[in-house]
Amino acid sequence: MGSILSLAWSSLMNRKGSALLTILAVALSVALFLGVDKARNGAREGFGATISGTDLIVGARSGQVNLLLYSVFRLGDATAEISWPTYEWLRDREDVDWTVPISLGDSHRGYRVMGTTRAYFDRYKYGDGQSLQLAEGHEFEDLFDAVIGAEIARSLGYELGKPLVLTHGLGRAGLQQHENRPFRVVGILEPTGTPVDRTIHVSLEAITAIHVGWETGTRNPMADTITEEMIRSFDLTPKTVTAAFVGLESRGSVLRTKREIDTHRREALLAIIPGVALAQLWEVTAVAERALLAVSLFVIAVGLVSILTSILTSLNERRREMSILRATGARPGHIFFLLVAEAGLLGMIGAVLGVAGVHVILAIAEPLLAARYGISLAGTGPGLVDFYTVLAVTGVSLAIGALPAWLAFRRSLADGLSVKL
Amino acid sequence: MKGSAIAIEGLRFAWTRDAPALLDINRFELARGERLFLRGPSGSGKSTLLGLIAGVLEPQAGQIEVLGHDMSALSSARRDRVRADHLGVIFQLFNLVPYLSVVSNVTLPVRFSKARRRAAGGDAGAEARRLLARLGLEDDEILSRRVMDLSVGQQQRVAAARALIGGPGLVIADEPTSALDADTRDRFIELLTDEARRSGAALLFVSHDAALAPHFDRGIDLADINASAHRLETA
């Protein structure tokens, strides 16, 4: 068997050009399949690790997934807000241990600004219960203090003391600026691999303060006449908040509390359990994921067909080679095994290169994906899925190789000792 | 019969059941160690006869014994085994596997036969080089060339070394000199017959060229032993 394998290898080396193209086709198809799978798992793990220790998230009534996306992942917008009195009702419930209100809607150079309380830095947990840590500086104390995520500090080169102007609304340019109320960076958070890294945190009162004179939705011409000192003297309690993270006294009461919030009479509210909402999000994306996986499986099939094509097209020109092998003692089984081994080698090498390729690409793309989308692929090193993929591709290649092998086997019997070509 | 390299009795072969017999040989014998020249024009059934002797074709009737093995009574797998262990084959042209080195081409039979691997000794590569040197191919520069870059004469000598490695009892050669010029042809036949004599192998050399007969112990015409040849001629 070893000598036939070495013959198969020598034969492939003799047809380097077509063999390399076939291997490339298999490698690319395997890389695509594994890339899709790893990105999918990375996204799931990344999303799953974004929030922990929060029992409920409460917002204005919309959809579970929508509330989860805008409150935790800073994706999309809230369609409505919760009034402050309703938030107070929520905060003061007996079954509620703690609440962290958040207010979204402004941005800075494309990064979201989130108004919240200092409790956020204690209560917000990610991964397996990790707390936010300050790499430099301190939490916001003054009205116009800002604490920025690690990615913002890195990509914009911001340091402590850096002044920043918020933009009214979301977007990189073209929107009105709150340039009359500049903030100052007082803290930079350690990287978390979550949307926190791409968030500017300010106090809820600061959000109210920068919107003094914006009650109609745009800036009042008189807004600039209101000095900072005047603003500081105002009651800056917000009128609304976008959502609130909630921790309960007892996790056992989560369903009852959720039902009571959902049926609150004074205001249409929605309470979601983060894990359940995330599961619903995966249900929504599962269709697209399955479609992507199906497409990548078809691409693998195309790669495998290229093995068949490559060997089948070489069969006729190799009839004399088969005759020589037969004349020198090769049995029909040897001829069969030779061609099956060639197909298996092409498939296996292609699959191994595909696995190696996808890991190289992911290693290069990982910082970018983590920075842009919070997707961490760090834990997706070569694993069982890669091993099974190599095994499956090699197995199917061997099976595919059986067709040209059978043809060559039949021909080697019919051709006899010598072929007059 | 027991002392024969090849012994054929009552052989009848046709490509299909209804076709007229291409070969109808009442009796044919090649002694062990004998070097026989078998002449026949193109299309007379020479290569078919070699296929039958080598066990890749099966006759409709008759008995073919090769070195004491009744090929017509053996299973296909056993015939393959006998061929691998006891036969060396040289073709007319394109004798070599293009992707193997000169030495690897010579050691091909050793890959498929334990008996020939044992006979070739522990180092098949060294035995291949020894045979190639005896056939006049000892220059490292020649041995390092791609086999398809060798001249036709050199390729045939590599094929001869391959047929002889592992000491097969029978070497069959199917028109191996038809592409060679007269000088190269004669030198090739001398080298081949010398090496066959040295190793004790019987040699069945098939060609359409009657002028080659003097190089061998004995020469016969296929038409003289094949009854079908006369019927085909008179038909």
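Hey, does segment A:160-175 have a residue that's crowded, with 18+ Cβ neighbours inside 10 Å, in contact with a helix residue (DSSP H, G or I) (Cβ under 9 Å, 6 or more places away or on another chain) and either among the β-branched types (V, I, T) or at positive phi (or both)?
Here is the first cut: in segment A:160-175, the residues crowded, with 18+ Cβ neighbours inside 10 Å are A:164, A:166-168.
Now restrict to residues that are in contact with a helix residue (DSSP H, G or I) (Cβ under 9 Å, 6 or more places away or on another chain): A:164, A:166, A:168.
From what's left, either among the β-branched types (V, I, T) or at positive phi (or both): none.
No, every residue in segment A:160-175 fails to be crowded, with 18+ Cβ neighbours inside 10 Å, in contact with a helix residue (DSSP H, G or I) (Cβ under 9 Å, 6 or more places away or on another chain) and either among the β-branched types (V, I, T) or at positive phi (or both).
Among the residues examined, B:S75 does not qualify as modelled with pLDDT under 90 and crowded, with 19+ Cβ neighbours inside 10 Å.
Contact map, segment B:191-205: residues that are part of a strand (DSSP E or B) paired with residues that are of a type in the set (K, R) and open to solvent by 60 Å² or more (accessible area, probe 1.4 Å), Cβ distance under 9 Å, separation 6+ or inter-chain. Pairs shown: B:A202/B:R32; B:L203/B:R197. For segment A:271-285, the set of residues classified as open to solvent by 20 Å² or more (accessible area, probe 1.4 Å) and of a type in the set (A, V, I, L, M, F, W, C) consists of A:I273, A:V276, A:L278, A:A279, A:W282, A:V284, listed by residue number.
The C-beta contact set for segment B:90-110 (first residue without any contact (Cβ under 8 Å) to a residue 40 or more places away in the chain, second residue among the hydroxyl-bearing types (S, T, Y) and open to solvent by less than 10 Å² (accessible area, probe 1.4 Å), distance under 8 angstrom, 6+ apart or interchain) comprises B:Y99/A:S11.
Any idea which of A:L377, A:L368, A:L315 is modelled with pLDDT under 90, within 25 Å of the chain's Cα centre (by Cα) and in a helix (DSSP H, G or I)?
On the way: A:L377 fails: in a helix (DSSP H, G or I); A:L315 fails: within 25 Å of the chain's Cα centre (by Cα).
Just one listed residue meets the conditions, A:L368.
Restricting attention to segment A:1-15, which residues are open to solvent by less than 40 Å² (accessible area, probe 1.4 Å) and more than 9 Å from every other protein chain (Cβ to nearest Cβ)? Scanning segment A:1-15 gives a single hit, A:A8. Listed by first and then second residue, the pairs linking a residue in segment A:391-414 that is within 14 Å of chain B (Cβ to nearest Cβ) and touching a residue at least 12 places away in the same chain (Cβ under 8 Å) to a residue that is hydroxyl-bearing (S, T, Y) and surrounded by fewer than 21 Cβ atoms within 10 Å (Cβ to Cβ), with Cβ atoms under 9 Å apart and 6 or more places separating them unless they lie on different chains, are A:L413/B:S76. Looking at segment B:61-89, which of its residues are within 11 Å of chain A (Cβ to nearest Cβ) and either among the acidic types (D, E) or touching a Leu at 6+ places or on another chain (Cβ under 8 Å) (or both)? B:D80, B:V82, B:D85, B:H86, B:L87, B:G88, B:V89 - these are the residues of segment B:61-89 that are within 11 Å of chain A (Cβ to nearest Cβ) and either among the acidic types (D, E) or touching a Leu at 6+ places or on another chain (Cβ under 8 Å) (or both).
Quick check: is even one residue across segment A:16-38 within 14 Å of another protein chain (Cβ to nearest Cβ) and either out of contact with any Ser or Thr (no Cβ under 8 Å at 6 or more places or on another chain) or at positive phi (or both)? Yes, segment A:16-38 contains at least one residue that is within 14 Å of another protein chain (Cβ to nearest Cβ) and either out of contact with any Ser or Thr (no Cβ under 8 Å at 6 or more places or on another chain) or at positive phi (or both).
A quick yes/no check of all residues on (1) small (G, A, S); (2) in a strand (DSSP E or B); (3) touching a residue at least 40 places away in the same chain (Cβ under 8 Å):
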position: A:L236; (1), (2), (3): no, no, yes
position: A:A244; (1), (2), (3): yes, yes, yes
position: A:G252; (1), (2), (3): yes, no, no
position: A:L255; (1), (2), (3): no, no, no
position: A:R259; (1), (2), (3): no, no, no
position: A:R265; (1), (2), (3): no, no, no
position: A:A271; (1), (2), (3): yes, yes, yes
position: A:L278; (1), (2), (3): no, no, yes
position: A:L281; (1), (2), (3): no, no, yes
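Among the residues of segment A:331-350, some residue qualifies, meaning at least one is at pLDDT below 85, touching a helix residue (DSSP H, G or I) at 6+ places or on another chain (Cβ under 7 Å) and either closer than 30 Å to B:R116 by Cα or surrounded by fewer than 19 Cβ atoms within 10 Å (Cβ to Cβ) (or both).
Note on segment B:90-139: residues that are at the interface with chain A (Cβ under 9 Å from one of its Cβ atoms), over 22 Å from A:G333 (Cβ atoms), buried (at least 22 other Cβ atoms within 10 Å of the Cβ) and of a type outside the set (A, V, I, L, M, F, W, C) amount to 1.
The values are calculated or read from the model by the stated rules, or taken from the named source; none is laboratory data. Keep in mind it's a predicted model, so treat the numbers as computed, not measured. For neighbour counting, all protein chains shown are included, and Cβ atoms are generated from backbone atoms with ideal geometry for every residue, glycine included. Heavy atoms of the whole protein, side chains included, go into the accessibility calculation; ligands, DNA and RNA do not. Shrake-Rupley method; radii C 1.70, N 1.55, O 1.52, S 1.80 Å.
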